[in-house]
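**Student:** Can you keep this structure in mind? I'll have questions shortly.
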Amino acid sequence: MAGGPGGDQQPCKYLYFSLVFSTQFDTKYKRITAHQPINTMSKALTKSQIAAAIAEKAEISKKQAVAILEIIAALAYKNAKNSFTLPGLGKLVLVHRKARQGRNPATGEVIQIKAKKVVKFRVAKAAKDAILGAK
């Protein structure tokens with residue numbers, strides 16, 4: 001078989017399929033080539049970026065915007081036991097999970113999982129519709 005630019009080369013023997021890498025069939029050299037990873041998600045906003053956006057929209061200083069974010073976080077931590085709602089975004093709720101049986105995936109052994117409390121965030125319908133689009 002005709003090789004690549006370096007002379008007579010064998011086509012790729014191993015094909016790696018990954019969700020992270022895009023693949024393309026190279027018709028000139030009759031082999032599959034891997035490309036740079038596809039960035040499917042953008043980076044999350046940092047606290048300072050959020051504060052800067054709030055400050056710009058509300059026409060306040062960045063220090064005041066940071067203080068507002070910290071107050072909201074403190075309120076959420078304090079009131080999460082009773083459920084804390086951020087209108088238009090969702091609410092923090094404390095959920096009690098019962099004790100249950102589980103399985104150790106390495107050994108297959110049945111184990112007891114203790115009861116525990118977990119914090120969950122339930123997204124508001126308005127936020128779902130705004131992000132995903134109304135049905």
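**Student:** Pairs of lysine in the range 84-135 with Cα under 15 Å and at least 8 positions apart or on different chains: total?
**Tutor:** 7
**Student:** Could you tell me the extents of the range 84-135's C-alpha atoms along the three principal axes, largest first, rounded to whole Å?
**Tutor:** 45, 24, 14
**Student:** Now a separate question. Taking θ as phi - 60°, what are the ³J(HN,Hα) couplings along the range 127-133 by the Karplus curve (6.51, -1.76, 1.60), each to the nearest whole Hz, with x for Gly and Pro?
**Tutor:** 5, 4, 5, 5, 7, 8, x
Taken together, the values in this text are just the output of simple stated rules run on the coordinates, not laboratory data. For clarity, every value in this text was computed on a predicted model and none was experimentally measured.
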